[in-house]
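Structure first, commentary second.
The values are calculated or read from the model by the stated rules, or taken from the named source; none is laboratory data. Given the structure is predicted, the values throughout are model-derived calculations rather than measurements. Note: ideal-geometry Cβ built from the backbone for every residue, glycine included; neighbour counts use all protein chains shown.
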Amino acid sequence: MFVHQAIAILDSGVGGLTVAKEVMRQLPREKIIYFGDTARAPYGPRSPEQVRLFTEQIVDFLIQFNPKMVVIACNTATAAALDFIAAKLTIPVIGVIHPGARAAISATKTGHVGVIGTVGTIRSGAYPAALIELSPYIQVVSEACPDLVPLVEQGQFDTEHTKEVVRRSLHSMRQNDIDCLILGCTHYPFLRGAIREVMGPGVKLISSAEETAREISTVLYQKGQLSKGEKTPVHQFFCSGDVKMFQTIAWEWLDEEIQLTPIVWHVRRAAGDAV
C-alpha cells in the first residue's frame, strides 16, 4: 500500500521547492504533495512556539492525503518542530538540518564551516549542534540573514537590488576563513548565483536539498516503500498566499506547470496570529 502513497513536503513558502525538485530528479516515480505557507512566510522572525503551531497545522492538513512520509523542507520549522511532529506521527518524518550538516562535513577540507539562515534557525543553534555531533573538531560560524527570504518570495533572484542585499547580508561572513557555507534555509539556493559571486570560488556552497532527497530514498528503500509505478506521477501543490507568484516561481524553478490549489481556510485560521 505504501508504495503508491505520496511524499508530503512542507515549507514556509517556495523554498521547499528546492527539495521537491531534487526529489523529482532522484525519485521520478514518487508523487509529491507540497504545501507552501506563503501567507505566513517568513517563519524566521517568529517564535519557536508559533512555528511549531503552524507546522502542526500544515501536517494535520497533509495527513488527510495519507502520505507515506512527511518532509519538513524548512530549516526554521525543522529546528522548532521536527521532534514534536515525529513523535506525533507513525510515518517517517525527515528534516533538512542533519542532511545539510552531513553534506558540509563531507565537503569541508579545513573543518571551518559557515552557516547562514533565518533568525529562528540561527538562534536555535541546530546547525552547530548537528555539525559538532558529527565531528567535534568542526569550527562553525553562523550568521542570520533575514533579508534574503523576502527576495525569494517576491521572485527577485537576480536583480541588482538582490545582489546588493546579498552583499550586505554576507559582509560579516566573508571576513571568516571558511571553505564551505551551508545555505541553512531552503530559500537560499534560489540566490545561489548572487551568493557565489559574493563568497568567491574558494567557498563551496552547501544546499541540503540533494542530501535530503538521498535520505528520503534511503528511508523508503529500507522500508520497502519506494514507488514502483510506471507512469509519471501527477504532483499536487497547495499554498496559503499569492497563487500567481507561487506558480511563476514554481514554473521557473521546476521547469514545468503545476497543479496548484489555494488554501483560503488556512489564511483565515492565521488571521489573528501575532507576528
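The lone criterion from (1) over 16 Å from residue 70 (Cα atoms); (2) assigned to a loop (DSSP other than H, G, I, E, B); (3) not assigned by TED's automatic domain parsing to the domain that holds residue 101 left unmet by residue 225 is number (1). When the stretch 162-191 is filtered for residues that are under 14 Å from the mean Cα position of the chain (by Cα) and without any contact (Cβ under 8 Å) to a residue 40 or more places away in the chain, nothing remains.
Candidates are the residues of the stretch 119-167 that are of a type in the set (Ser, Thr, Tyr) and under 22 Å from residue 97 (Cβ atoms); the one that is surrounded by the fewest Cβ atoms within 10 Å (Cβ to Cβ) is 137. Among the residues examined, residue 96 does not qualify as among the β-branched types (Val, Ile, Thr), modelled with pLDDT of 95 or more and over 18 Å from residue 19 (Cα atoms). Pull up the stretch 248-266, narrow it to residues that are within 17 Å of residue 33 (Cβ to Cβ) and of a type in the set (Val, Ile, Thr), then point me to the one that is modelled with the lowest pLDDT. If we take residues in the stretch 248-266 being within 17 Å of residue 33 (Cβ to Cβ) and of a type in the set (Val, Ile, Thr), then 263 is modelled with the lowest pLDDT. Does residue 122 qualify as being under 16 Å from the mean Cα position of the chain (by Cα), part of a strand (DSSP E or B) and of a type in the set (A, V, I, L, M, F, W, C)? No: the conditions fail for residue 122.
Of the residues 269, 214, which is part of a helix (DSSP H, G or I), among the basic types (Lys, Arg) and at pLDDT below 95? Every option except 269 fails the conditions.
Where strands (runs of 3 or more DSSP E) fall wholly inside the stretch 1-118, the ranges with 1 or more residues that are in contact with a strand residue (DSSP E or B) (Cβ under 9 Å, 6 or more places away or on another chain), farther than 22 Å from residue 264 by Cα and not small (Gly, Ala, Ser) are 7-11, 69-72, 112-117.
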